[in-house]
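Participant: Quick one: this structure, given as structure tokens, is what I'll be asking you about.
Derivation of every value follows stated rules applied to the coordinates shown; laboratory data play no part. Keep in mind it's a predicted model, so treat the numbers as computed, not measured. Using ideal geometry, Cβ is built from the backbone for each residue, glycine included, and neighbour counts are taken over all protein chains shown.
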Amino acid sequence: MKRLLFTFLLISSNIILIHGNLHKKCCGDGQEIVEKNSQFTCEKVQNARLQENFEIEDFLARNRPGTCVEIFSGKTVATFQVKNDTKSVVKLEDHGEFFFPKCCPLDYRYNTTTHACEKEPGNSLGFLKMDSFVRVGLPECEIISDKILESQDVKMNGKDLILLKEMRILEEKYCVDSTLDGKLIVRICESDYQICSQIMCIHKCCPDGQSFINGANCRDTFTHGIDLTLTEAVLSPYDPFVLIHGFKPRIHRLSLQKYNYHVDRFGIFSAYQNKTESFDHYEVYNRSYCIEHALKHNNEKILLDQYLMFAESKEPPIAMKFFVTRWIKVVSCFFLILTILVYLLLPKMRNLFGKILLNYCLSTFLFFACLAVSQFYSSDFSDAMCRGIGFLSILSSIWSFTWLHIMCIDIWFSFGTPRTLSGPLQKKEWKRLLCYSLYGWGFPILWVAMIAVLSVTTIMPEAMHPIIGKRKCYLENSDGRPGNYSYIIYVTLPLLIQQIVNTILFVKTILYCLRIKADVERMNDSEKRTALNASKERLGLIMKLAVIMGVLFIFETVSSIHNFQGNIFTTYIEVVWDSINCLQGVFIFIIFICKKKVYNNICDKIPRMKARKISVSSTVTTQVSMQTVTGTKK
């Protein structure tokens, strides 16, 4: 019954086309008819996949009576008539989705190797007649297979396509086009994954005819299909394949330098798992990966133009850790900037200790900033940029610990030696600061330079060879590289030595403090007592910071040796601990800035705050005076 109805409609349409002069297009090129307020007007076609192949266009603009055909509201093809007496436009008949199913846009041919379209002007497709409306591609199809045929192997009967050799009739969900070598391509929407048992299936991220433009935004391009020869991840790039279009889950970019994965000749995706130290295999129906062409550009130049591979983004606790801690790092950077600004604002605080603290805050800020940037944008990094961020992260982390170590050295030198309260040390502060700076900035640079040299040479054995920027933008540890202990050797060990020395200096300083405290009290020396109290306060601040850093570093040391992702309980412990570790900027602000003396100094420095402080003090004094007077009268 359906076949008879369609045949009758086709015959009726042909009669109208011959006797009703319907080969005229109602609107201009790239326009369609829409109905607004019971009137028909021409507007730009909203669906860019709908095209036309007409000689006579823009019939309505001539304001002559007669009939024409046009796309109606981006959905169907309809016949319209301009009445002779009123010149009004009326709709005569709706022909339904009467579009020719072409695989590529007009003036394009199909490339069977890349499954894409290439520009070639002229109508090379014999099936496509003049005065036709065209629908390009199969954007709603999930699985698309290609059949390369000769023109004599195919016959069109209305909207049906008959494959003569297979005795198969395609009623819908197909498209036809000519290939670059003059043959015929028929692309078919498959109903299930059964075809993947006969031919390799490849997952494509975007729908048919689309690719990524400036991010994960699928846009119509048609000229980029899937070129498997441009990626090493597919083991049989020259074999024919079927495309599975559209990738619903969240995805992240894969790189062969960072991950170990491949697609075999059966279309099975395999990825190496560090936890199990083996490959996990994903059947074709598992949407575990996809390939897509990505184009990223600005107004001046093209930033990215290549085929990339993506994997499904799952969010286990360890992934959620990075999602949370990167924002905590941003918060820490904010408080570190506040701390630096306060010390720059107040000259009284810029003594030798204040300058050391400024260097410490700056290095810690660089460390957290590098980690945050790498966690936000690592998927967009080139290999060179990833390595650069990795080396800078290592350098800034060693800078941070080294300046903390210098704080401990300075408090011991100023307060834990027999020269403690003698006075002349103040005159040599600039020399000490120079020595501290050479050590604080110079030693980490030399150390990281050594790591860089070792990373590009084969001097060290595999267990000690530093690897940076391969699977992550940092020095890889034994979790990611079983049997490689470079992180422990080049980062954990030197920082652990500094922490041990810090502890020894603290113990010696405290013991000396207790020994001289009684002497100062017995001598009743007010000047030395004041110096002692100031040094004790500074010692207390540094000890708070060192204890926090030390406890957090102990966990980092243990986690570099033991894998906390072994079970869900220890994984959550690592998430919580790392979140606390990333709050160092907040701790520094609380320890060194959130003090009454600092607040008073800021009030004295800023006139408005000072005026407010004076106003509040005057109000309180007046209230006290009034209460005193009232009490006296009573």
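Participant: Count of lysine pairs in the range 110-247 with Cα atoms under 28 Å apart, counting only pairs 8 or more residues apart in sequence or on different chains?
Facilitator: Lysine pairs, 8 or more places apart or on different chains, close enough: 29.
Participant: Now, a different point. Taking the Cβ of each residue in VAL45, VAL136, VAL507 as the centre, tally the other Cβ atoms inside 10 Å and list the residues starting with the fewest.
Facilitator: If I rank by nearby Cβ atoms, fewest first, I get VAL507, VAL45, VAL136.
Participant: May I pose another question? In whole Hz, with x marking every Gly and Pro, tabulate ³J(HN,Hα) for the range 119-126 from phi via Karplus 6.51 cos²θ - 1.76 cosθ + 1.60, θ = phi - 60°.
Facilitator: 5, 7, x, x, 8, 8, 9, x
Participant: Going by how many other beta carbons lie within 10 Å of each one, how would you line up VAL242, VAL576, VAL501, fewest first?
Facilitator: VAL576, VAL501, VAL242
Participant: Would you mind calculating the relative contact order of the range 16-98 from Cα pairs under 8 angstrom and at least 6 residues apart, reporting the percent as a whole number?
Facilitator: Here the relative contact order equals 28 percent.
Participant: Restricting attention to the range 209-254, which chymotrypsin sites (Phe, Trp or Tyr not before Pro) occupy a DSSP loop and are surrounded by at most 10 other Cβ atoms within 10 Å?
Facilitator: When the chymotrypsin sites (Phe, Trp or Tyr not before Pro) of the range 209-254 are filtered for loop state and at most 10 Cβ neighbours within 10 Å, TYR238 remain.
Participant: Just want the ordering: LEU404, LEU92, LEU371, LEU454, from fewest to most Cβ atoms lying within 10 Å of their own Cβ.
Facilitator: By the 10 Å Cβ count, ascending: LEU92, LEU454, LEU371, LEU404.
Participant: Shape verdict for the range 219-258, please, from the Cα gyration tensor: rounded (a/c under 1.5), prolate (a/b greater than b/c) or oblate.
Facilitator: oblate
Participant: Given labels modelled 7 Å from the Cα in the Cβ direction, how far is it in nm from ALA216 to ASP604?
Facilitator: A separation of 5.5 nm, rounded to one decimal place.
Participant: Step through the table entries LYS329/LYS597; LYS36/LYS75; LYS44/LYS102, compare each Cα-Cα distance with 23 Å, and write down the pairs that go over it.
Facilitator: Pairs exceeding 23 Å: LYS329/LYS597.
Participant: Output needed for the range 16-98: three equivalent-ellipsoid semi-axes, defined as square roots of 5 times the C-alpha gyration tensor eigenvalues, in descending order, whole Å.
Facilitator: 18, 14, 12
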